[in-house]
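Here is the structure we will look at.
The values are calculated or read from the model by the stated rules, or taken from the named source; none is laboratory data. On a predicted model such as this, the values are computed, not experimentally measured, just so you know. Note: ideal-geometry Cβ built from the backbone for every residue, glycine included; neighbour counts use all protein chains shown. We work out accessible area using only protein heavy atoms, side chains counted, and drop any ligands, DNA or RNA first. Shrake-Rupley method; radii C 1.70, N 1.55, O 1.52, S 1.80 Å.
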Amino acid sequence: MSKPILLSPPHMGDRELEFVKQAFDTNWIAPIGPHVDAFEQEFCQIIGADHAAAVSSGTAAIHLALQLIGVESGDEVFCSTLTFAATANPIIYQRAKPVFIDSDHTSWNMNPELLQSALEHRARIGKLPKAVIVVHLYGQSADIDPILQVCNQYGVPLIEDAAESLGATYKGQHPGTFGCIGIYSFNGNKIITTSGGGMLVSNNADLVAKARFLATQARDRAPHYQHSEIGYNYRLSNVLAGIGRGQLCVLSERVAARQRNFEIYASSLGNLPGIEFMPEPDFGRASRWLTCLTIDPEAFGADREQVRNCLSAQQIEARPVWKPLHLQPVFSACEYIGGAVAEDLFRRGLCLPSGSNLTNEDLERVISAIAAVHYGNEKSQTPLFVI
Ligand SMILES: *Cc1c(COP(=O)(O)O)cnc(C)c1O
């Protein structure tokens, strides 16, 4: 039996244990502590944000962002449809209503023109949403400038879900630092991980201070545990922040390794008929958190599920592109704005194993397994593994 190749496993560096040991040696096992402060500062330096609050997950960060903006029962929040459910679940936690927006073909992210016409229409009828959540999918920034411009024009705050896109750039700047609030995730499958964790960033110091307050049970300044607001237990532990500090030391290497995976996949498989890789618009650089492609079944000779099942039979984990949220049973009553771009990407899209710890042998196994589906038994035609 060959060794399993996973989609995106954790990849520890050399220093995580040292930071964790410091936490043990000083008995800072409690939540919050010096590693949390340092993790926030180091994170801000790397991505170029002014303020950050480390929290227990990316989902918690999105929930806090909605609270900070004042999203309440009955409000509407516009949200990318092609994403993981965690982007939209906190809208429901607030008893607000998601309105999902389709992707464009060039970035796979929220279509700025659809957003613009939707906001224009909503302004005309006096029914603007309370916020917009734009997702930067699979390591690729959305086209932020026109999205931010139209949000500013109508005074609607922009939340950026950059959970999958730490290490990407948009016009030289990091996605997650453009809008009112940005969020990141350090879940086990993300480009760096604290085993579980997240970050909320903003250039508004008051918002981040309020996020910390809400994430720490909303305790008023009093010795006797007084509360004037409902809070949450959302802060990151000092032990896990130690892992995060170690992971930040190797972030640029992790990005380079994932971009290299993409280059190898694309140069080895890019010429097969019916295969198209996720495009990279010239406004930025994708981190290639996951290498994603679409398969045209007629040209390729097999559809996405056939390919995925062949890989799975060889212990290779590949996943369909996110099922759009407007197609999810739990969101079926929500309004949807757009056409069939996200639906088409879901039907034909596949995410390949993309870990920063993949070996050349792993990559070769994935590539020849996919090529074999196309070529069948015509072994002589199997393309060379290109590095
Ligand atoms: C992973 C992810 C999240 C949630 O992050 P957690 O840390 O797992 O809560 C949110 N949005 C997107 C797009 C994600 O991929």
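Residues that are within 16 Å of the ligand (Cβ to nearest atom) and in contact with an Asp or Glu (Cβ under 7 Å, 6 or more places away or on another chain) occur at least once in region 157-177.
Quick one: in region 178-207, which of the residues that are open to solvent by less than 10 Å² (accessible area, probe 1.4 Å), in contact with a strand residue (DSSP E or B) (Cβ under 6 Å, 6 or more places away or on another chain) and among the hydroxyl-bearing types (Ser, Thr, Tyr) is farthest from the ligand (Cβ to nearest atom)? This residue is SER202.
Taken over region 313-331, the criterion of being of a type in the set (A, V, I, L, M) and surrounded by 23 or more Cβ atoms within 10 Å (Cβ to Cβ) is satisfied by ALA318, VAL321, LEU325. Out of curiosity, is LEU64 assigned by TED's automatic domain parsing to the domain that holds GLY155 and of a type outside the set (Gly, Ala, Ser)? Against the criterion (assigned by TED's automatic domain parsing to the domain that holds GLY155 and of a type outside the set (Gly, Ala, Ser)), LEU64 qualifies.
Taken together, HIS51, HIS63 contain a single residue that is out of contact with any Asp or Glu (no Cβ under 6 Å at 6 or more places or on another chain) and either over 24 Å from ALA168 (Cα atoms) or surrounded by 23 or more Cβ atoms within 10 Å (Cβ to Cβ) (or both), which is HIS63.
Among the residues of region 33-48, which ones are open to solvent by less than 70 Å² (accessible area, probe 1.4 Å) and either among the polar types (S, T, N, Q) or under 17 Å from VAL208 (Cβ atoms) (or both)? Let's see the steps before the verdict.
Narrowing region 33-48 to residues open to solvent by less than 70 Å² (accessible area, probe 1.4 Å): 33-36, 38-40, 42-44, 46-48.
Of everything in region 33-48, those that are open to solvent by less than 70 Å² (accessible area, probe 1.4 Å) and either among the polar types (S, T, N, Q) or under 17 Å from VAL208 (Cβ atoms) (or both) turn out to be VAL36, ALA38, PHE39, GLU40, GLU42, PHE43, CYS44, ILE46, ILE47, GLY48.
Say whether the condition of being among the acidic types (Asp, Glu), more than 27 Å from ILE91 (Cβ to Cβ), without any contact (Cβ under 8 Å) to a residue 12 or more places away in the chain and assigned by TED's automatic domain parsing to the domain that holds ILE370 is met by at least one residue in region 277-294. Yes, because at least one residue in region 277-294 is among the acidic types (Asp, Glu), more than 27 Å from ILE91 (Cβ to Cβ), without any contact (Cβ under 8 Å) to a residue 12 or more places away in the chain and assigned by TED's automatic domain parsing to the domain that holds ILE370.
Are any of the residues in region 106-122 modelled with pLDDT of 95 or more, within 16 Å of the ligand (Cβ to nearest atom) and farther than 21 Å from ALA61 by Cα? Yes, that holds for at least one residue. Residues in region 1-29 that are open to solvent by 50 Å² or more (accessible area, probe 1.4 Å) and over 30 Å from ALA369 (Cα atoms): ASP14, ARG15, LEU17, GLU18, LYS21, GLN22, PHE24, ASP25, THR26, ASN27, TRP28, ILE29.
When we screen TYR154, TYR170, TYR232 for residues that are of a type in the set (Ser, Thr, Tyr) and in contact with a strand residue (DSSP E or B) (Cβ under 8 Å, 6 or more places away or on another chain), the only hit is TYR170. For region 75-101, a residue qualifies if it is within 16 Å of the ligand (Cβ to nearest atom), open to solvent by less than 10 Å² (accessible area, probe 1.4 Å) and of a type outside the set (S, T, N, Q), and the qualifying residues are VAL77, PHE78, CYS79, LEU82, ALA88, PRO90, ILE91, PRO98, PHE100, ILE101.
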